[in-house]
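Asker: Would you mind keeping the following structure in view while I ask a few things?
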């Protein structure tokens, strides 16, 4: 009888131990999958180091950011509530965001009908695949809508990277030789006036008390360890030594193209002396705007831009004319997603293929045109 009771006690204790171990394992798994309440966004002007910063950040096991999903730019898709399968196919047709990040659409609840929930579902799934808890996205296209994102996600964090505006334009011009996206009409004006708009967005984030960290591209390249250590403090994770190197970085979601050869290499390298690609006219315009912005900010911004002595500030006439032209360019950018909402995916894909062939043909036959010249229509 005592033997039987002893066996029952042992069995009971074993069951309790197993249950305790199971609960501990479940708690551990639950903790491992607990995502941060708000996303992390990495934003900067085009060709300012956002791709490099993205690759280094994603070296951390707790960080899993998407690469230019740009889902937040597709608000018109959600004006009329539709099931997940519909908007997911449209999102992927836009820039292959779901395909590039290997998102399992079937794992997303089918009744998601609003943009903030859609982005959260997609971004969290991507982060969870690598076991990360910090989710979000890096994209230059968020430069003028950071406060909208902060409205969507009050607990969001923002990392904004700056670069000398002249170097931004130089890099855009070099990229435009092989990548048709950078050769679009108005690209130079988008970048130059967008640089100021991004500053206004960042200032507004600070005024509203949002979590924002700002850095400069040159600092990242010169001392990646110190820069990433400071960013880790901001994000709330310990620094991981792998973040200071591109060795082993996952660049699978990064678009192909020669302009991404730097981030797809194994070393972080500063650009050496290269032939000037800015026309005298474009360089003078950049300098005039830098002088004007510094007068506005009492010499506080832009910080690292180099301007010769004696350069006049951009005049009221120049600024007004450029604002009108810039607004026209941006209006065109904003209209496209509205039209895209009503275009069948198959039609859109054929349009994109035809447009790509046209750009490639035009760029091959246009090798004699002066690069960076203002009359080309790029500004």
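Values in this text are rule-based calculations from the coordinates and carry no lab data. All values derive from a computational prediction rather than experimental measurement. All Cβ positions, glycine included, derive from the backbone under ideal geometry; neighbour counts span all protein chains shown.
Asker: Where does each of 163-173, 337-347 land if you order them by average Cβ count within 10 Å, highest first? Walk me through the intermediate numbers first.
Answerer: Details: 163-173: 22.9, 337-347: 12.2.
Output ranking for 163-173, 337-347: 163-173, 337-347.
Asker: Report the full-extension gain for the segment residue 110 to residue 203: residue separation times 0.36 nm, less the Cα-Cα distance, to one decimal in nm. Numbers along the way, then the final one.
Answerer: Details: separation 93, 0.36 × 93 = 33.48 nm, distance 3.77 nm.
Result: 29.7 nm gained on full extension.
Asker: Using only the alpha carbons, work out the radius of gyration and Dmax of the range 38-268 in angstrom.
Answerer: Spelled out, the Cα radius of gyration and Dmax of the range 38-268 are 17.0, 48 Å.
Asker: What's the center-to-center distance, using Cα atoms, between the range 244-317 and the range 44-119 in Å?
Answerer: 27 Å
Asker: May I pose another question? Please list 115-121, 186-192 highest first by mean number of surrounding beta-carbon atoms within 10 Å per residue. Please report the intermediate quantities before stating the final value.
Answerer: On the way: 115-121: 19.3, 186-192: 22.3.
Ranking the peptides 115-121, 186-192 by packing returns 186-192, 115-121.
Asker: Another question about this same structure. Using a simple spin-label model with points 7 Å from Cα along the Cα→Cβ vector, what separation in nm is obtained for residue 79 and residue 148?
Answerer: Between residue 79 and residue 148, the simple spin-label model gives 1.3 nm.
Asker: Taking 0.36 nm per intervening residue step and subtracting the Cα-Cα distance, what contour gain separates residue 296 from residue 350 on full extension?
Answerer: Length gained between residue 296 and residue 350: 14.7 nm.
Asker: Sticking with this one: Relative to the present Cα-Cα distance, how much length would full extension add between residue 252 and residue 324 at 0.36 nm per residue of separation?
Answerer: Residue separation times 0.36 nm, minus the Cα-Cα distance, leaves 22.0 nm.
Asker: Related question: If you take every DSSP beta bridge fully contained in the range 38-268, what fraction is antiparallel? Give it as a percent rounded to 5. Please report the intermediate quantities before stating the final value.
Answerer: Working: 0 of 19 bridges.
Rounded to the nearest five, the antiparallel share is 0 percent.
Asker: Another question, if that's okay. If packing is taken as the mean number of other Cβ atoms within 10 Å per residue, what is the order of 90-101, 324-335, 45-56, highest first? The partial results should precede the final answer.
Answerer: Details: 90-101: 18.8, 324-335: 13.2, 45-56: 24.6.
The peptides rank, most packed first, as 45-56, 90-101, 324-335.
Asker: OK, next. Tell me the Kirkwood hydrodynamic radius of the range 152-256 in angstroms, computed as one over the mean inverse distance between distinct C-alpha pairs.
Answerer: Details: mean 1/r = 0.0618 Å⁻¹.
Taking the inverse mean of 1/r over all distinct Cα pairs, the range 152-256 comes out at 16.2 Å.
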